[in-house]
Amino acid sequence: MNAEAQPLEIALDLLEAEKFDLAAEELKSQPSEDVAFVLERAATEHSVAVLIRLPDLLAGEALVDASTEPVKAIVAELPDDYLARILDILPMDDASELRDEVGESRFERLLEMIPEEDAGEIERLLSYPEDSVAREITEHFFRVRPTDTMNDVLADLRAAKEDDYESVSELYVISDSGVLKGVFSLRKGLRADPTIPVSELMNTELIAVSVQETAETAARRMAKYGFYGLPVLDEAGRMVGLFMGDDAQEIIEEADSEDQLKLGAVSGPVETYISLSVWQLARRRLPWLAALFVAETFTGMVMRHYGQSEELSLVPLTFFIPLLIGAGGNTGSQVTTTLTRALALGEVTSRDWFLVLRREVLTALLIGAALGVIGYVRALYGWNTSPELSMVIGIALPSIVLWAGLVGSLLPLAARRLGIDPAVMSAPFITTFVDATGLVIYFEIARRILPI
């Protein structure tokens with residue numbers, strides 16, 4: 001166990017022992033992402049007990065950082081006055097993200113319990129399209145007028161409260177009508193003559209995004225130019241908010257994770273591995289496996305067509321080989337893609353090996369049973385295969401899928417345990433290994449069922 005993970009391991013052990021005060025002491029000094037890590041693994045009642053013992057801001061940020069499903073269960077047990085306090089203290093873009101977990105009607109009720117100004121900002125953010133960058137902005141940015149001098153700017157900065165602005169590294173020059181005229185860095189302003197107007201300091205070649213652009217587009221533009229913040233403008237050029245670098249990084253990571261999962265034939269929104277139930281894992285994988293399963297039947301049809309000709313006369317047992325090894329290889333690819341991502345992001349640790357193994361076995365049994373039924377029916381009625389061979393297919397499919405799930409989960413975990421990059425256990429490697437061993441499983445089942 002490394003030093004970085006130790007406080008989280010201790011906190012989890014304390015929660016299991018229901019020593020909530022001690023667990024809260026362990027977590028108070030940890031980043032919100034690590035607190036979220038604990039919330040996703042702890043029982044709901046334990047998570048609630050420790051949250052209410054943490055500082056409000058840390059608890060709120062942890063709720064935002066944690067995955068959807070555990071947060072839904074947690075907030076259902078939290079009282080309205082506590083949640084309203086959390087909403088009020090969080091940055092408005094973070095507060096708005098809790099609406100789906102809290103529920104729309106309850107969220108509206110909570111907005112009535114916080115100051116009208118804060119509630120209005122949250123409602124403005126939620127009025128924009130769901131995937132737009134405007135949903136991610138903060139209205140707490142430092143704005144100056146073109147006629148202000150640096151003396152005026154510094155006086156305003158000194159008078160401001162510590163949490164009035166999320167960032168003051170860049171200063172935005174705004175006209176009286178709200179139009180963004182230019183931008184300059186605080187560092188440049190500090191080096192300038194304090195009596196000249198900021199209009200002489202600002203850069204008018206602006207890089208900004210529209211409120212209608214997607215958050216991912218804006219995030220990638222920010223990454224391209226290396227900005228800490230990106231102005232977001234409405235159709236009239238008025239600056240409605242600032243898109244921050246930390247939000248951009250999170251969006252890019254989520255988009256890249258989604259693309260990675262899609263390449264591994266796993267659908268659904270990005271959630272941490274631990275937060276997903278067995279049923280949710282199966283539901284994300286089965287549609288793709290079923291589609292690939294159907295596609296593999298065309299290969300079997302080709303083999304069946306030529307295999308029954310007088311020139312080739314293949315054994316019927318071989319007709320189903322592409323179907324079976326395809327299902328096994330695709331299952332192994334799904335599992336290793338999911339786990340390699342989870343290991344890389346720290347969502348799964350060595351402590352979780354048994355939990356991972358148990359849920360992958362159960363998931364494989366669900367998926368394998370479904371594919372086994374489909375394969376049996378397809379062989380018996382679709383291709384008029386003998387009942388004995390159809391039974392071989394119906395048993396071999398779930399057996400191979402279960403084997404692929406075990407291999408796809410154990411090899412990346414073993415690699416991490418041995419200090420090897422889990423990415424070495426890539427989908428092609430797993431697929432090749434499962435293909436070869438899957439054939440052994442298939443022929444051994446056939447040898448025991450088919451008449452001699």
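The values are calculated or read from the model by the stated rules, or taken from the named source; none is laboratory data. Remember, predicted model here, so these are calculated numbers, not experimental data. No Cβ is skipped: glycine too gets one built from the backbone with ideal geometry, and neighbour counts run over all protein chains shown. Accessible surface areas use protein heavy atoms only, side chains included; no ligands, DNA or RNA. Shrake-Rupley method; radii C 1.70, N 1.55, O 1.52, S 1.80 Å.
Remark: the chain carries a charge dipole of roughly 2400 debye about the Cα centre, counting +1 on each Lys and Arg Cβ and -1 on each Asp and Glu Cβ.
Phi angles across the range 17-28 convert, under the Karplus curve 6.51 cos²θ - 1.76 cosθ + 1.60 with θ = phi - 60°, into 3J(HN,Hα) values of 8, 6, 9, 6, 5, 5, 4, 5, 4, 5, 8, 4 Hz, Gly and Pro given as x. Distance from the Cα centre of the range 314-342 to that of the range 1-62, in angstrom? Centre-to-centre (Cα) distance: 39 Å. The relative contact order of the chain, computed from alpha carbon pairs under 8 Å that lie at least 6 residues apart in sequence, is 10 percent. Amide H to amide H, with H built 1.01 Å from N, VAL173 comes under 5 Å of VAL144, LYS181, GLY182, VAL183, PHE184, counting only residues 5 or more places away or on other chains.
Structural size metrics of the chain, computed from C-alpha coordinates, are Rg and Dmax of 28.1, 100 Å.
Distance from the Cα centre of the range 218-255 to that of the range 127-169, in angstrom? The two parts, judged by their Cα centres, are 14 Å apart. The antiparallel fraction among DSSP beta bridges confined to the range 118-191 stands at about 60%.
Projecting label points 7 angstrom from Cα along Cα→Cβ for SER199 and MET113 puts them 4.9 nm apart. Within the chain, DSSP assigns beta bridges of which about 75% are antiparallel (rounded to the nearest 5).
Sorting check: for 237-249, 140-152, which peptide has the highest mean count of neighbouring beta carbons within 10 Å, and how do the rest follow? Write out the running numbers ahead of the final one.
Details: 237-249: 20.3, 140-152: 17.6.
Ranked by mean Cβ neighbours within 10 Å, highest first: 237-249, 140-152.
Here the Kirkwood formula puts the hydrodynamic radius of the range 354-396 at 11.0 Å, using every distinct Cα pair.
Taking the longest Cα principal axis of the chain as reference, the axis of helix 353-377 is set at about 50 degrees.
Find the all-direction average of the projected area of the Cα convex hull for the range 166-258, expressing the result in square nanometres with one decimal place.
Values: hull surface 26.1 nm².
Taking a quarter of the hull surface, the average projection is 6.5 nm².
On a 31 Å Cα-Cα criterion, which of the cross-link pairs LYS28/LYS72; LYS72/LYS224; LYS28/LYS161 come out too long?
Over 31 Å apart, Cα to Cα: LYS72/LYS224.
Note on ALA369 and VAL168: the model spin-label points, each 7 Å out from Cα along the C-beta direction, lie 6.2 nm apart.
Taking every Cα-Cα distance in the range 107-215 and sorting them into 10 Å bins starting at zero, the pair-distance distribution P(r) comes out as 13, 37, 31, 16, 3, 0 percent.
For the range 333-452, what is the per residue volume of the convex hull drawn over the alpha-carbon atoms, in cubic angstrom? Don't skip to the answer; put the middle values down first.
Values: hull volume 12.3 nm³, N = 120.
For the range 333-452, the hull spanned by Cα atoms encloses 102 Å³ per residue.
Accessible surface of the range 352-425, 1.4 Å probe: 72 percent of it comes from carbon and sulfur atoms.
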